[in-house]
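Each remark here refers to the structure printed beneath this line.
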Amino acid sequence: MILPRINPLTTKAWKALEKHFNEIKDVKMKDLFAQDESRADKFTIMWDDFYVDFSKNRINEKTIKLLLALADEMQLEEAINSYYSGKKINETEDRAVLHTALRAPKTHKVLVNGENVIPKVFEVKEKIKKITKEIVGGERRGYSGKAFTDIVNIGIGGSDIGPAMVVESLQFYKNHLTTHFVSNVDGDHVNEVLKKINPETTLFVIVSKTFTTQETLSNANTIRTWFLKHGTEEDITKHFVAVSTNLEKVKAYGIAQNNIFPMWDWVGGRFSLWGAVGLTISLAVGYSHFENLLNGAHKMDTHFKIVDFDKNIPVLLALLSIWYNNFFKAESEAVIAYSQYLNQFVTYLQQGMMESNGKSVNRNGSPIEYQTGTLIWGQPGTNSQHAFFQLIHQGTKLIPADFIGFTESLYGNKEHQDKLISNYIAQTEALLNGKTAEEIVKELQLQNMSDETIEKLLPFKIFTGNKPTNSIFIKKLTPENLGKLIAMYEHKIFVQGVIWNIFSYDQFGVELGKDMAINILSEFNTEFITNRDGSTQGLLEYYKTKR
Ligand code: F6P
């Protein structure tokens with residue numbers, strides 16, 4: 001037993017938080033700011049290129065004290081030590097959880113089953129560096145002697161979303177290679193990509209931790225068949241590389257030994273972009289930017305590991321999220337990045353958070369009597385302001401939100417940047433203060449509106465405010481800062497799993513549907529149909545007659 005089995009509900013801190021919740025639930029943040037001029041300073045952390053202001057939360061100093069006491073009672077510090085030192089905290093799969101080792105310096109020593117894994121990590125990094133140089137520099141060429149122009153990443157889930165999100169986020173730093181991602185088993189996805197590429201100049205990167213995933217293997221097979229209409233079996237060696245833990249299967253698929261990039265079972269799929277799964281990232285932006293991404297993540301790892309919890313960014317963000325999830329009973333959380341580059345960031349976080357902490361059984365295997373997991377959603381600002389912000393401002397649900405913004409834009413267009421960031425800041429202010437009936441009446445009177453119309457409109461124009469936000473400012477969207485940001489959320493996920501007394505690093509919940517799809521697929525071409533519920537049977541029969 002590595003992680004403790006403590007029901008958080010039985011801790012002193014949880015009980016105290018329940019009591020404290022009753023004291024604070026109706027308090028207006030606006031009043032807390034008015035009473036304490038230093039509130040923003042008290043609840044802001046400045047670290048490296050980060051400025052994290054969590055003062056616009058429904059908390060006071062006592063809340064933080066109690067949340068930190070909860071972390072202590074749940075033995076968070078010990079859990080972090082186990083996480084970083086390679087203990088098998090993924091107990092249900094008997095595995096260590098070491099994405100942190102993928103970005104650790106060469107001098108670090110991390111033991112898994114008695115073996116230091118860092119030299120292996122660096123061997124793979126060297127291999128990534130070498131192929132990146134060869135492909136980007138045009139030294140390694142396709143079967144007809146032309147230099148590569150396109151990369152196709154074939155993978156799904158963690159073998160797709162992480163690299164796709166980072167490549168999109170870092171497109172400012174991209175080289176001449178065009179990158180494509182094929183993930184969905186929807187054949188139209190792969191065909192749309194095939195339409196855009198030339199087999200002579202395309203490198204295919206098959207990424208699958210298990211090398212058994214239906215979607216990835218189907219897409220890889222379709223691409224291979226297409227490729228063989230142009231090139232020969234021998235040319236496969238030049239054009240196909242693979243990233244996997246399942247080296248046997250990769251070899252059986254016909255990928256040359258030299259083109260295999262290993263990964264290990266001690267890195268979960270959704271946390272794997274830092275190793276060989278990041279090959280497409282390195283090819284797209286060059287190895288040194290990829291390395292900077294890892295360096296940034298390592299800086300955040302160090303911050304998380306050594307900084308006291310009351311100044312520790314991932315710890316505080318995790319605890320605040322628990323505060324809303326378990327005490328305010330908030331149903332979801334939003335993440336709004338004021339950067340179009342981060343368009344896919346929330347998709348990435350959805351897998352990280354919801355695949356990790358969407359669990360309803362505790363570490364003893366018993367059903368849980370409190371809410372776990374975070375339903376997370378969002379889109380970049382300002383676009384999202386014109387879409388779903390209405391509900392955040394005036395809906396019935398409490399939706400705590402993280403606002404992320406960069407103080408410098410990449411192209412340096414100050415006029416746009418000022419408009420962008422004024423929106424970011426204004427939204428957090430509006431969510432905090434709302435708008436009172438008094439303010440609205442004054443405003444409408446100034447517009448010469450009649451008393452009768454004002455009275456009629458008033459209830460619809462009121463903003464209650466008191467909606468919590470965290471404001472995260474980062475200097476600039478560099479590979480290093482992106483690494484820090486991703487790692488910040490990875491550690492938030494970890495902290496929440498520790499407090500909720502769940503195992504965050506398995507994902508058995510995705511298995512059932514996968515198995516049943518295989519079963520249903522096998523029945524499309526037979527007369528025989530398993531006895532199913534009427535709805536499922538109806539869908540199956542309808543599809544069979546229409547396909
Ligand atoms: O959907 C479940 C899952 O196992 C994810 O955790 C993983 O990222 C994805 O499938 C892809 O798996 P693989 O890399 O083994 O193809």
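The values are calculated or read from the model by the stated rules, or taken from the named source; none is laboratory data. The shown structure was predicted, so the numbers you read here are calculated from the model rather than taken from an experiment. When we count neighbours, we look across all protein chains shown, and the Cβ atoms used for this are built from the backbone with ideal geometry, even at glycine.
Summed over the stretch 477-530, the residues that are farther than 21 Å from Y542 by Cα and either more than 16 Å from the ligand (Cβ to nearest atom) or not charged (D, E, K, R) (or both) give a count of 33. Among the residues of the stretch 9-26, the ones that are among the β-branched types (V, I, T), loosely packed, with under 14 Cβ neighbours inside 10 Å and closer than 26 Å to N433 by Cβ come to 0 in all.
Taking N153, is it buried (at least 23 other Cβ atoms within 10 Å of the Cβ), within 15 Å of the ligand (Cβ to nearest atom) and assigned to a strand (DSSP E or B)? In short, yes.
Do we find that Q496 is assigned to a helix (DSSP H, G or I) and more than 26 Å from L170 (Cα to Cα) in this structure?
Yes, satisfied.
Residues in the stretch 299-339 that are aromatic (F, W, Y) and within 30 Å of F389 (Cβ to Cβ) were compared, and the one that is surrounded by the fewest Cβ atoms within 10 Å (Cβ to Cβ) is F328.
Determine which single condition V190 fails, assuming it passes every other condition in (1) over 23 Å from the mean Cα position of the chain (by Cα); (2) part of a loop (DSSP other than H, G, I, E, B); (3) within 16 Å of the ligand (Cβ to nearest atom). Among (1) over 23 Å from the mean Cα position of the chain (by Cα); (2) part of a loop (DSSP other than H, G, I, E, B); (3) within 16 Å of the ligand (Cβ to nearest atom), the lone unmet condition for V190 is (2). In the set (1) within 27 Å of the chain's Cα centre (by Cα); (2) farther than 23 Å from A101 by Cβ; (3) touching a residue at least 60 places away in the same chain (Cβ under 8 Å); (4) buried (at least 18 other Cβ atoms within 10 Å of the Cβ), the condition left unmet by S183 is number (3).
Report yes if K249 is surrounded by fewer than 18 Cβ atoms within 10 Å (Cβ to Cβ), within 12 Å of the ligand (Cβ to nearest atom), outside any loop (DSSP other than H, G, I, E, B) and of a type outside the set (F, W, Y), otherwise no. So K249 passes the test.
Taking the criterion of being touching a Phe, Trp or Tyr at 6+ places or on another chain (Cβ under 6 Å), within 13 Å of the ligand (Cβ to nearest atom) and of a type in the set (A, V, I, L, M), the only residue of the stretch 252-278 that qualifies is A276. Being buried (at least 21 other Cβ atoms within 10 Å of the Cβ) and over 17 Å from the mean Cα position of the chain (by Cα) is a property that does not hold for S360. Residues in the stretch 350-362 that are away from the ligand (no atom under 16 Å from the Cβ) and not in a loop (DSSP other than H, G, I, E, B): V361 only.
Applying the selection to the stretch 418-471, what residues are under 31 Å from the mean Cα position of the chain (by Cα) and charged (D, E, K, R)? If the condition is that a residue be under 31 Å from the mean Cα position of the chain (by Cα) and charged (D, E, K, R), then D418, K419, E429, K467 are the ones that fit.
To keep it simple, each residue is scored yes or no on (1) touching a residue at least 12 places away in the same chain (Cβ under 8 Å); (2) in the same structural domain as S169 (by TED's automatic domain parsing).
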{"residue": "K249", "(1), (2)": "yes, yes"}
{"residue": "Y253", "(1), (2)": "yes, yes"}
{"residue": "Q257", "(1), (2)": "no, yes"}
{"residue": "W266", "(1), (2)": "yes, yes"}
{"residue": "F271", "(1), (2)": "yes, yes"}
{"residue": "S282", "(1), (2)": "yes, yes"}
{"residue": "G286", "(1), (2)": "yes, yes"}
{"residue": "H298", "(1), (2)": "yes, no"}
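Out of all the residues in the stretch 214-226, which are in contact (Cβ under 8 Å) with a residue 24 or more places away in the chain, within 14 Å of the ligand (Cβ to nearest atom) and either outside the structural domain of T149 (by TED's automatic domain parsing) or surrounded by fewer than 23 Cβ atoms within 10 Å (Cβ to Cβ) (or both)?
Q214, E215, S218
Within the stretch 43-56, is even one residue part of a helix (DSSP H, G or I) and either surrounded by fewer than 16 Cβ atoms within 10 Å (Cβ to Cβ) or in contact with an Asp or Glu (Cβ under 9 Å, 6 or more places away or on another chain) (or both)? Checked against the condition, which is being part of a helix (DSSP H, G or I) and either surrounded by fewer than 16 Cβ atoms within 10 Å (Cβ to Cβ) or in contact with an Asp or Glu (Cβ under 9 Å, 6 or more places away or on another chain) (or both), the stretch 43-56 yields no hits at all.
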